[in-house]
1. Within the set of pairs 6 or more residues apart or between chains, which connect a residue that is closer than 16 Å to Lys61 by Cα inside region 140-162 to a residue that is in a strand (DSSP E or B) with Cβ atoms less than 6 Å apart?
2. Scanning for something surrounded by fewer than 13 Cβ atoms within 10 Å (Cβ to Cβ), assigned to a strand (DSSP E or B) and either touching a helix residue (DSSP H, G or I) at 6+ places or on another chain (Cβ under 8 Å) or free of Cβ contacts under 8 Å to residues at least 40 places away in the same chain (or both), does region 123-132 turn up at least one residue?
3. Is it true that some residue in region 91-103 is at pLDDT below 90 and of a type in the set (Lys, Arg)?
4. Got a sec? Which of Leu182, Leu198 is closer than 23 Å to Asp109 by Cα and either at pLDDT below 95 or under 12 Å from the mean Cα position of the chain (by Cα) (or both)?
5. Among the residues of region 68-96, which ones are assigned to a helix (DSSP H, G or I) and either within 19 Å of Leu17 (Cα to Cα) or touching a helix residue (DSSP H, G or I) at 6+ places or on another chain (Cβ under 7 Å) (or both)?
6. Residues of region 50-67 being in a loop (DSSP other than H, G, I, E, B) and small (Gly, Ala, Ser), which ones?
7. Restricting to region 134-178, and then to whatever is farther than 19 Å from Gln84 by Cβ and polar (S, T, N, Q), can you tell me which residue is modelled with the highest pLDDT?
Amino acid sequence: MLKGIAEYVDININIDLYKNIFLRVLENQKIKKHWSDDSKVNEFGKTQFQSFSLEGNYSGKPTEYIKDFKPILDEQYKVHPYMQKRSTGFNYSNSNEKDLFIHTDIDLDTKHPKYFNLVIPIFGTAVISYYETRKDEVWLPEKNAHGYAYYHEFKKRNDSDYEEFKAKRKFGEIIADKPLLLETNTMHGVDILESPRLAWVSRWNNIPEHYDFYSWKDRVEKIL
């Protein structure tokens with residue numbers, strides 16, 4: 001574990017429920033319609049992960065998954081009623097060669113400043129690696145459909161010495177093989193260890209400032 005950044009959480013999750021909901025979405029072929037609406041398979045822009053989220057990244061419009069995911073969301077909303085819809089849903093990868101580039105997740109369009117991600121692995125395994133975050137080495141490359149920057153990435157991402165740079169900046173990792181709570185304002189990347197890999201992510205945002213990592217973790221474990 002990485003204390004105060006990425007830690008396992010003790011929660012009671014019905015994995016079969018999550019898996020069955022995901023399979024139902026595939027069987028109904030709703031994903032095909034969703035991809036058509038957004039013109040791209042990939043919700044996350046530069047990564048090759050497939051995202052089944054509550055909002056289209058390119059359109060900014062709600063997806064039909066909100067209805068499909070209701071049994072999950074009914075439980076998650078007991079923790080907190082506000083979620084960043086673009087990043088809440090299922091993440092799927094069918095290849096070990098697909099990784100999620102190093103980034104932070106940020107929400108700049110909320111009244112309250114805090115945000116945390118709950119990651120629930122369904123099948124497959126990934127490792128989340130964390131990197132030293134220096135303001136002069138990161139930038140806000142893109143805005144979402146609502147006009148707000150929503151992540152940082154390293155300025156050196158396309159440089160020839162990027163792998164060496166990453167090795168120097170990495171300070172820890174955690175295996176995502178059971179539920180995790182993440183603080184996402186630190187640079188981190190996801191690499192698939194065992195594919196196919198499916199995980200559910202809840203991104204709670206608009207969280208009041210008085211919550212820190214541990215008081216939020218305690219809340220999650222008491223409710224879920």
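The values are calculated or read from the model by the stated rules, or taken from the named source; none is laboratory data. Note that this is a predicted model, so its numbers are computed, not measured. As a convention, Cβ positions derive from the backbone with ideal geometry for all residues, glycine included, and neighbour counts pool all protein chains shown.
1. Lys143/Ala149
2. So far as region 123-132 goes, no, none of its residues is surrounded by fewer than 13 Cβ atoms within 10 Å (Cβ to Cβ), assigned to a strand (DSSP E or B) and either touching a helix residue (DSSP H, G or I) at 6+ places or on another chain (Cβ under 8 Å) or free of Cβ contacts under 8 Å to residues at least 40 places away in the same chain (or both).
3. yes
4. Testing whether each residue is closer than 23 Å to Asp109 by Cα and either at pLDDT below 95 or under 12 Å from the mean Cα position of the chain (by Cα) (or both) leaves just Leu182.
5. Asp68, Lys70, Pro71, Ile72, Leu73, Asp74, Glu75, Gln76
6. From region 50-67, those in a loop (DSSP other than H, G, I, E, B) are 54, 56-61, 63-64; that's our starting set.
Once the filter is applied, which keeps residues that are in a loop (DSSP other than H, G, I, E, B) and small (Gly, Ala, Ser), region 50-67 yields Gly56, Ser59, Gly60.
7. The qualifying residue modelled with the highest pLDDT is Ser160.
Here's the yes/no breakdown for (1) surrounded by fewer than 21 Cβ atoms within 10 Å (Cβ to Cβ); (2) touching a residue at least 40 places away in the same chain (Cβ under 8 Å):
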site	(1), (2)
Phe69	no, yes
Asp74	yes, no
Gly89	no, yes
Asn94	yes, yes
Ile102	no, yes
Asp109	yes, no
